[in-house]
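The values are calculated or read from the model by the stated rules, or taken from the named source; none is laboratory data. In this text, all values refer to a predicted model and were calculated from it rather than measured experimentally. Cβ sites come from the backbone with ideal geometry, for glycine too, and all protein chains shown count toward neighbours. Calculation scope for accessible area: heavy atoms of the full protein, side chains included, ligands and nucleic acids excluded. Shrake-Rupley method; radii C 1.70, N 1.55, O 1.52, S 1.80 Å.
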Amino acid sequence: MPSTNELTLPSSKSKLDGTVQHSRHTPPVSLPPSPNARILDAACQLFLHNGYRISMDAVALRAGVSKQTVYAHFHSKDALFSAAVEALVKPIHSSLDARGGDIEDSLRALAHAYGAHVSDPSNTALGRMLVAEAPRFPGAAHRLYKSGSGAVLESLAQRLGQSMHNGELRADDPHQAAELFLSMLNGMTPERTLLGLRQRGRKAQDKWVNHAVNVFLCAYRSPHPPSAPSGKSA
């Protein structure tokens, strides 16, 4: 999450005749993050380390704002939790936002972003804590899924649906295909994670997700893909 905003201001140098000349090479001036960004950053850190039981007072203290300011930006802890989860999975959504590439490019970008997210120790710890706390905080567990994995599933289904419509992929149920693809990326990782067992290393994980993309495309790629745009090789 970005911690500062950058604003470039012109610097000036006085000449001997008293005129002022503006420099084109001025270092950026760092501005402090907005209260909203500080609150969200504080919430992400606290949720990751302490689970859903954190208090809004703790968020305000860590963010360096008043409790009233926290509630002015996020009307409840539920709303803040949902926003924090959305921020944590933003890199995965961003991998699908690049519409310029073909479906294979999109799937590989998503696969690597998703793999990085699920293998992150902090995200793993949050998931483990919420599994343990689900009976006590069922709403938090529901929001974690809805704003996290559920939102990724929906975004992927929309992307696959577009590719099915334009002929890159064969026609099928995009939501079923999206869930199947995410399951292929996961493999047995969730079980090993919850039990605290050793995970695949980065090189092995990259090999796994690339293989998952290849297998998925073998099953879903259209036998008659659309022609390449004029001026581009097929």
Total charge dipole magnitude, the range 62-157, about the Cα centre, Cβ charges on Lys, Arg, Asp, Glu only, Debye to nearest 20:
540 debye
Under a crude label model (7 Å from the Cα following the beta-carbon direction), how far is LEU195 from GLU86 in nanometres?
3.7 nm
I need the calculated FRET efficiency for the pair MET188 and SER34, taking r as the beta carbon distance and R₀ as 41 Å, to the nearest 0.05.
0.50
For the pair ASP172 and ASN214, how long in nm is the line joining their label points, each one 7 Å along Cα→Cβ?
1.8 nm
Among GLY150, LEU182, GLN199, whose Cα sits farthest toward the positive end of the charge dipole of the range 141-234 (+1 at Cβ of Lys/Arg, -1 at Cβ of Asp/Glu, about the Cα centre)?
GLN199
Extension reserve of the HIS165-THR69 stretch, reckoned as 0.36 nm per residue once the Cα distance is removed
30.0 nm
Please report the accessible area of LEU88 (heavy atoms, 1.4 Å probe, ligands and nucleic acids excluded) in Å², nearest 10.
50 Å²
Enumerate the aspartates and glutamates that LYS77 could reach by cross-link, defined here as Cα to Cα under 12 Å, with residues fewer than 8 away along the same chain left out.
ASP57
With every protein chain left in place and a probe of 1.4 Å, what is the accessible surface of VAL131, to the nearest 10 Å²?
90 Å²
Give me, ordered by chain and number, the residues 5 or more places off LEU169 or on other chains with an amide H under 5 Å from its own placed amide H.
MET164, SER222
Taking θ as phi - 60°, what are the ³J(HN,Hα) couplings along the range 61-67 by the Karplus curve (6.51, -1.76, 1.60), each to the nearest whole Hz, with x for Gly and Pro?
4, 5, 7, x, 10, 7, 5
In what sequence, largest accessible area first, do MET56, MET184 appear using a 1.4 Å probe?
MET184, MET56
